[in-house]
Each structure stands twice: as structure tokens, then as C-alpha cells.
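This report concerns only the one structure given below.
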Amino acid sequence: MKEVLHARGHENVSAAHASTFEVTTDDYLTPAGDCILGIEADRAPADFDSAFVDACQDAEATITATFEADGHRETAVGRGDPDLTFESDRSAVGRTSDYVDDRTVMVGAEFAAEGFDRDLVAALADGADLTVTLRVERP
């Protein structure tokens, strides 16, 4: 199962955060938002199909987030958690930790924003269109 979000980069995309990455529906980004890779997302976790959410609530589920912009591609793999709610109507956040809030779409991600390909980050800082595909697979 998959969910797809479309967003765009912003001049303040720095992808410097050590424990999270994020895509937001907000239409602005300050330099402090160093985990944010895309803004003006067309969807948020609250919009996701209930079957997708149910699958992600399995602690054994594998969740893959693929980010594509301007010919560049990066994939981060994490896992599901029974506490994932997907209730945020603003932001989708991947975390390297086990922390869960209403914005969390995966935990245990193999890397955070700082681990993203720098060519992809540069394209996003130039305002490139971003496609984020979230896939979930259950054992």
C-alpha cells in the first residue's frame, strides 16, 4: 500500500536535523526548520486511507519513504508502531527514534534529514517540486 504527497522545496531547506525529516502543508519555512524537506504539501497524514494507517500501526511493518525531486531520489526505511495515529492535518514526520506524536509517519528511520543526498537537498533549496511516496509492507 502507498500514499503519495506532492510538495515543493524552499530556499531555507537545509536538511541538517539529526533525528527527523518532515514535509509540511505550511506555505513558509524559516531557517529554524532544519528537518523540513518540503512545504505546501497537498496532503497530510490525516488524509491517508484508513487501511494504510492500520498497516502502519503494526510494529513489524516496514515503512519506506521515497523522496524525488529534479531527477534526484532518496529512500529512507523505518518501521511502524501501534501508537501511530496519522491525525496531523499539517505535517508528516519520519523519526530515527521511537517517539510518536500525531505527525509521526514512521519510527526507527535509518537516517534523518542530515543523511539525505546533498544534490537532492540543493534541488529542494532551489525550490524544486517534490514527490514523497510512503509505502508500507507487513510481514
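Among the residues making up the range 16-43, a single one is of a type in the set (Phe, Trp, Tyr) and either crowded, with 21+ Cβ neighbours inside 10 Å or within 14 Å of the chain's Cα centre (by Cα) (or both): Phe21.
The rows are residues; the columns are (1) closer than 15 Å to Arg135 by Cα; (2) in contact (Cβ under 8 Å) with a residue 24 or more places away in the chain.
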site	(1), (2)
Ala16	no, yes
Glu22	no, yes
Tyr28	no, no
Ala32	no, no
Ala41	no, yes
Val53	yes, yes
Ala69	no, yes
His72	no, yes
Ala122	no, no
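Quick check, is Asp119 touching a strand residue (DSSP E or B) at 6+ places or on another chain (Cβ under 7 Å), surrounded by 16 or more Cβ atoms within 10 Å (Cβ to Cβ) and modelled with pLDDT of 95 or more? Answer is no for this residue.
State yes or no: is Val13 assigned to a loop (DSSP other than H, G, I, E, B) and surrounded by 22 or more Cβ atoms within 10 Å (Cβ to Cβ)? Answer is yes for this residue. Exactly one residue out of Asp81, Asp98, Asp89 is under 23 Å from Asp26 (Cα atoms) and acidic (Asp, Glu): that is Asp89. Of everything in the range 58-90 that is part of a strand (DSSP E or B) and within 14 Å of Glu3 (Cβ to Cβ), the residue that is nearest to the chain's Cα centre (by Cα) is Ala65.
Within the set Ala46, Ala7, Ala55, the sole residue that is part of a helix (DSSP H, G or I) and touching a strand residue (DSSP E or B) at 6+ places or on another chain (Cβ under 9 Å) turns out to be Ala55.
One line per residue, one yes/no per condition, for (1) among the aromatic types (Phe, Trp, Tyr); (2) at pLDDT below 95; (3) out of contact with any Gly (no Cβ under 7 Å at 6 or more places or on another chain); (4) under 23 Å from Pro139 (Cα atoms):
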{"position": "His17", "(1), (2), (3), (4)": "no, no, yes, no"}
{"position": "Val23", "(1), (2), (3), (4)": "no, no, no, no"}
{"position": "Gly38", "(1), (2), (3), (4)": "no, no, no, no"}
{"position": "Phe52", "(1), (2), (3), (4)": "yes, no, yes, yes"}
{"position": "Glu60", "(1), (2), (3), (4)": "no, no, yes, yes"}
{"position": "Ala69", "(1), (2), (3), (4)": "no, no, no, no"}
{"position": "Ala92", "(1), (2), (3), (4)": "no, no, yes, no"}
{"position": "Met106", "(1), (2), (3), (4)": "no, no, no, yes"}
{"position": "Gly115", "(1), (2), (3), (4)": "no, no, yes, no"}
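Scanning the range 77-99 for residues being free of Cβ contacts under 8 Å to residues at least 24 places away in the same chain and within 21 Å of Ala32 (Cα to Cα) gives a total of 1.
So Ala46 ticks every box in (1) under 13 Å from the mean Cα position of the chain (by Cα); (2) surrounded by fewer than 20 Cβ atoms within 10 Å (Cβ to Cβ) but one. Which box is left unticked? Of (1) under 13 Å from the mean Cα position of the chain (by Cα); (2) surrounded by fewer than 20 Cβ atoms within 10 Å (Cβ to Cβ), only one is false for Ala46: (1). Condition check: free of Cβ contacts under 8 Å to residues at least 24 places away in the same chain, in contact with an Asp or Glu (Cβ under 6 Å, 6 or more places away or on another chain) and not basic (Lys, Arg). Does Asp117 satisfy that? No.
Take Phe21 and decide whether it is of a type in the set (Phe, Trp, Tyr) and outside any strand (DSSP E or B). No.
The values are calculated or read from the model by the stated rules, or taken from the named source; none is laboratory data. What you see is a predicted model, and the numbers here were worked out from it, not measured in a lab. Because the Cβ atoms are built from the backbone with ideal geometry, glycine has one as well, and the counts that use them run over all protein chains shown.
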